[in-house]
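Bear in mind these aren't lab numbers, they're just calculated from the coordinates by the rules spelled out. The shown structure was predicted, so the numbers you read here are calculated from the model rather than taken from an experiment. Cβ coordinates were reconstructed from backbone atoms using ideal geometry, including for glycine residues, and neighbour counts include every protein chain displayed.
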Amino acid sequence: MTAAEVMNVLGDVAQATLYRHLKQLHQGGLVEVVDERQVRGGVERTYRVVSEAVSLGVEDLADADADDHFRYLATFLGTLLTDYSRYLESGPVDLEADRVGYRQIPLWLSDDELDELLDEFRMSLRTRLDLQPHPSRRRRLVNTIVMPDDRAGS
């Protein structure tokens with residue numbers, strides 16, 4: 001997105017603050033410039049998230065303790081709540097028409113069966129990651145959390 005597009009998504013953010021944060025994200029390697037073009041005597045940059053830089057992998061988490069993991073999940077959930085709040089405030093809400101849903105589905109799976117399910121899910125997503133914006137498409141957020149449920153009698 002361009003800075004103007006980011007501003008439209010974020011809403012009430014001062015332009016100077018946005019540009020300062022974009023500069024810091026760029027310098028930190030979290031976003032990269034994928035296009036530049038001249039616009040009214042200035043340069044309009046299009047940024048993209050460097051997914052490898054903003055996704056924590058097994059190696060990144062190796063030294064994390066329980067408090068770190070809790071903070072990471074809390075940040076994830078806070079972002080999720082912010083996104084959902086923005087959706088609810090965007091106008092008339094029709095969960096069915098907008099294909100919005102949230103549910104928890106308990107499954108009895110061995111580790112191998114879970115790995116197979118997750119591989120299938122990743123493959124299904126991977127085939128759609130490069131789809132470009134189109135009038136027939138709407139940007140959608142897909143979030144996942146997988147964890148064991150070791151409660152007695154679950």
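Quick notes
- Karplus-derived HN-Hα couplings along segment 93-109 (A = 6.51, B = -1.76, C = 1.60, θ = phi - 60°), whole Hz, x at Gly and Pro: 9, 9, 4, 5, 5, 7, 6, 9, x, 8, 7, 10, 10, x, 10, 8, 9
- Taking a point 7 Å from the Cα of ALA4 along the Cα-to-Cβ direction, the residues of segment 25-47 with backbone N closer than 15 Å to it are 36-47.
- Summarising the amide proton neighbourhood of THR2: residues at separation of 5 or more, or on other chains, whose placed amide H is nearer than 5 Å comprise TYR47.
- Added length on full extension, which subtracts the Cα-Cα distance from 0.36 nm per residue, THR46 to SER124: 25.3 nm
- Distance between modelled label sites at GLU59 and PHE76, nm, 7 Å Cα→Cβ extension: 2.0
- Between ALA64 and any residue 5 or more places off or on another chain, the built amide H atoms are never under 5 Å apart.
- 10 Å binning of all Cα-Cα separations within segment 1-113, expressed as whole percents from 0 upward: 10, 26, 33, 23, 7, 1, 0
- Amide N proximity, segment 113-135 versus ASP94 label position 7 Å along Cα-to-Cβ, cut-off under 20 Å: 135
- Fraction of alpha-carbon pairs over 13 Å apart in segment 3-51 - percent: 60
- Note, ³J(HN,Hα) from phi for segment 120-136, Karplus 6.51, -1.76, 1.60, rounded to Hz, x at Gly and Pro: 4, 5, 4, 5, 4, 5, 4, 5, 10, 5, 8, 5, 8, x, 7, x, 7
- Each residue of segment 36-44 was assigned a 3J(HN,Hα) from its phi angle through the Karplus curve 6.51 cos²θ - 1.76 cosθ + 1.60 (θ = phi - 60°); the sequence is 9, 8, 6, 9, 6, x, x, 10, 9 Hz, with glycine and proline shown as x.
- Trypsin sites (Lys or Arg not before Pro), loop per DSSP, at most 10 other Cβ atoms within 10 Å - longest free stretch of the chain: 41-98
- Kirkwood's formula applied to the C-alpha pairs of segment 54-154 gives a hydrodynamic radius of 17.0 angstrom.
- Highest-MSF residue in the chain out of LEU81, LEU118, LEU141 [GNM, Cα springs under 10 Å]: LEU118
- Amide H contacts for VAL50 (H built 1.01 Å from N in the peptide plane; partners 5 or more residues away or on another chain; cut-off under 5 Å): VAL31, GLU32.
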